[in-house]
Amino acid sequence: MPADRDRVSLEKKIMKKFIWVIAILVLCACGSSKNKKAESKTSNASLEQRLQEYRKLNEELNIDKLMDYIYPKLFTLAPREDMVKGMKDFFASDEIKVVIDSLTIDRIHPVFQIGDGSYAKVEYSMVMRMDMSPKDTVEDEGQNEMIVQTMRAQYGEENVDIDKATGMIRIRTVNPMVAVKDEYAKEWSFVSLKEDDPMINQLFSKEVLDKLKTYK
């Protein structure tokens with residue numbers, strides 16, 4: 001049925017957009033947010049300074065400069081110019097509005113060294129709101145609910161809810177990332193840490209990844 005195909009197409013589009021949000025927030029992990037006192041047994045002033053600079057660039061949405069804080073080795077796998085274009089297109093889109101409601105750095109684990117590299121696992125949580133109210137994007141309340149159920153299946157029942165009066169979907173996620181300084185990054189840089197992402201195995205050695213896993 002055409003209507004069913006349209007709903008499936010829209011659902012895929014919404015989920016693709018949301019996946020983009022998660023990817024963007026890897027880059028914006030210290031963005032316009034309220035931060036808790038970072039917990040770390042090993043204080044590292046230069047790391048904390050880089051996080052503060054990272055935050056300011058996110059508040060300004062200075063995407064070009066923000067790329068200087070992304071782990072440079074990532075650009076050998078995903079070209080920098082493509083990431084810049086994707087981010088700019090994402091934030092300029094008026095199809096589905098996404099708002100970062102809050103973002104908190106929960107913990108900075110102790111810095112460790114392997115070879116010539118320094119690493120630290122950083123944990124952060126965020127709450128986002130997706131505005132699904134435009135009539136040309138979501139046709140009815142039932143379609144909104146379908147999207148919510150899809151997200152709940154992926155991110156947990158307790159982490160996704162909808163304001164039926166406004167059509168606003170609220171999503172909470174908890175995510176880790178890696179702060180790294182090595183031969184590719186002369187200053188602290190950041191990248192998402194997803195164990196099921198094959199790209200992470202191309203960025204870091206097994207020794208580094210195994211060590212990161214020990215920080216819970």
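Side notes on the structure shown:
- Residues that are assigned to a loop (DSSP other than H, G, I, E, B) and modelled with pLDDT of 90 or more within the stretch 59-76 comprise just one, TYR71.
- For first residues located in the stretch 161-182 and part of a strand (DSSP E or B), partners that are crowded, with 20+ Cβ neighbours inside 10 Å and acidic (Asp, Glu) and lie 6+ apart or on another chain with Cβ distances below 9 Å form the pairs VAL174/GLU123; ASN175/GLU123; PRO176/GLU123; MET177/GLU123.
- Identity of the residue in the stretch 176-216, over 16 Å from PRO72 (Cα atoms) and buried (at least 18 other Cβ atoms within 10 Å of the Cβ), that ends up modelled with the lowest pLDDT: PRO176
- For the stretch 183-204, filtered to residues that are part of a loop (DSSP other than H, G, I, E, B), touching a residue at least 40 places away in the same chain (Cβ under 8 Å) and over 15 Å from LYS121 (Cα atoms), the residue that is farthest from the chain's Cα centre (by Cα) is GLU183.
- Note on the stretch 72-93: residues that are closer than 18 Å to SER189 by Cβ and touching a Phe, Trp or Tyr at 6+ places or on another chain (Cβ under 7 Å) total 2.
- Given (1) at pLDDT 60 or above; (2) surrounded by fewer than 16 Cβ atoms within 10 Å (Cβ to Cβ); (3) of a type outside the set (A, V, I, L, M); (4) closer than 14 Å to TRP188 by Cβ, number of the condition SER43 does not satisfy: (1)
The values are calculated or read from the model by the stated rules, or taken from the named source; none is laboratory data. These numbers come from a predicted model, not from an experiment. Here the Cβ is made from the backbone with ideal geometry for all residues, glycine too, and neighbour counts use every protein chain on show.
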